[in-house]
Each structure stands twice: as C-alpha cells, then as structure tokens.
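Peer 1: My structure is below; once you've seen it, I'll send some questions.
FYI, it's all coordinate maths here, none of it is from the lab. Bear in mind the structure is a predicted one, so any value in this text is a computation, not a measurement. Every residue, glycine as well, gets a Cβ built from its backbone with ideal geometry; the counts of neighbours run over all protein chains shown.
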Amino acid sequence: MATNVVLVAGQARLMRREEVAEGTMAFHFEKPSGFNFKAGQSADVTLTDPPETDAEGNTRTFSIASPPFESELVFTTRMRDTAFKRSLKKVPLATEVKIGSAAGSFTLHRNPAKPAVFLAGGIGITPFLSMVRQADRDRLPHKLYLFYSNRRPEDTAFLSTLQTLETTNPNFRLICTMTEMSKSEKEWKGETGLIDKEMLFRHLPILQGPIYYIAGPPAMVAAMREMLVSAGVEEEDIRAEEFAGY
C-alpha cells in the first residue's frame, strides 16, 4: 500500500439513499475529514444507535463504490432482509454512522503495460465502479476491460454510468452479459449467458498477460478462477474478492 495514503476512521452523516437497481440501494455519506483511500478498498460501517439489531451485530464491511476524488462515500448493497439493512433503509437522513479505516489490497496494479480485466458478478461491481471512475478522472493509460454479469438489465446496478464511462475513456471497454433474459421485461442486445472462456476470447486480444480481478458471490469467484487457470492464466495474475451477501 502506498505510504502517502492516510487511513483514518470517523463519523459520517447519511446524506441520501437511492435504488440503483431492483433490490439494490446506494447509501451516500459525507466523507469524514482526512479520510483517504485507494479505489477498490473497503471500509466498515457501524450503526451506532440502530432502531433494531440482531445476532449479526451492527457493523458490516462494504467496498467503497465511490471514487477517491469525490467528496462523499457511497456504499451499495443488495437489500436482504436483515436488521442492519432494514435499519439503514429507514433511519432519518443526517443520521451519523461510524466509518472504519479503509483497508484492502484489491486495487489497480501500477504497471500500465499490463491490461486490467475486471470480472464482476452482481453487487461485485462496487470496487470496479470506483476503479473505473478514478481511472477516467486520472486519465490513466491502463487498458481496462469490465465483464459484468447479472440476471437481467433490471438487476444491473450503475449500468448507465458505466456505459457513459465507456464513451469518455478510450481505454475502457464494458462487456455486460445477462443470464436470465427470459425473466426480463427490457430489451437487451448485448451478451447473454455466463462469463466463459469463449466470451473472453471474443473481447480480449489475448488471455495471457492481463491482471484479472474477480468480485462477486463465492461460487462465481471460484468458477472464474478455475476458468482462468484452465485457460492458461498464471495464478499470480489473478486477484479476487468475495461478496458473500449478508
């Protein structure tokens, strides 16, 4: 981790919340003074006086969906039926939470000669959204490929934001795929089916060479890692982060 990144915790007020896909909400907090992080890192969010609690406690770890250059911290989550998420959805705006220090090494590699291939499943998009937005802002020379798998367009968080980033950053390619279009009411002309070797071959110049980043449910992460290794990708070129869902 870079020595000039100062990690501090602090209190943060809830500024707004929005539904960014069916069953998925983004929570916008003011960034605590002096809070620095690298795109792709995560932080603990603690509800200090929640209206309800359960055995899982009042703290959850979230990837930071917003990029470091913004003045707010955004955490995005599937709205499962837990006391923590019910509380987060109904506490008044301006409620204060405790934000822990940013942590994690799931960050973009330094060498721009090696492309980055992001493989995201569902809510696993959050660290990649931060990375891609920061790379766009910094005009990084890295070639970035984002493969983003969801069941339907209705379930695809930040789709329009990512599509816009593809137009503003000539080094960024977005490949979205839907796995259950039979259950969708929207039109979709992009890829369908699970991310596999054939899909990667269609969109990447070569499979060996890039650094691969995988984020999503544990089963998806395991399947992607196995697929990459079987395609000849070196283990040291694969980085992964599991989103178990809670």
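Peer 1: Quick one: grab Rg to one decimal and Dmax as a whole number for the range 205-246, Cα atoms only, in Å.
Peer 2: 10.7, 37
Peer 1: Something else about it: Relative to the longest principal axis of the C-alpha atoms of the chain, give the angle of the C-alpha long axis of helix 125-138, reported between 0 and 90° and rounded to the nearest 10°.
Peer 2: The two axes meet at around 80 degrees.
Peer 1: Further question: How big is the shadow of the Cα convex hull of the range 10-99, averaged over all directions, in nm²? Before the final figure, lay out the partial values.
Peer 2: Details: hull surface 21.8 nm².
About 5.4 nm², averaged over all directions.
Peer 1: Another question, then. Antiparallel DSSP bridges in the range 34-100: what percent, to the nearest 5?
Peer 2: Around 100 percent antiparallel, to the nearest 5.
Peer 1: Summing -39500 (n - 2.57) over the DSSP H runs of n ≥ 4 in the chain and dividing by its residue number, what mean residue ellipticity at 222 nm do you reach, to the nearest 500 deg cm²/dmol?
Peer 2: That comes out to -6500 deg cm²/dmol.
Peer 1: By how many degrees, between 0 and 90 and to the nearest 10, does the Cα long axis of helix 159-168 differ from the longest principal axis of the chain?
Peer 2: 60 degrees
Peer 1: For the chain, what is the percent of antiparallel DSSP beta bridges, rounded to the nearest 5? Numbers along the way, then the final one.
Peer 2: On the way: 26 of 51 bridges.
Beta bridges within the chain, antiparallel portion: roughly 50 percent.
Peer 1: Taking Cα centroids, how far is the range 203-246 from the range 106-133 in Å?
Peer 2: 12 Å
Peer 1: Please list, by residue number, every one of the trypsin sites (Lys or Arg not before Pro) in the range 1-80 that is coil in DSSP and has at most 12 other beta-carbon atoms within 10 Å.
Peer 2: Passing both the DSSP loop test and the Cβ count: 80.
Peer 1: Using only Cα atoms and rounding to the nearest 10 degrees, what angle (0 to 90) does helix 218-230 make with the longest principal axis of the chain?
Peer 2: Roughly 20 degrees, rounded to the nearest 10.
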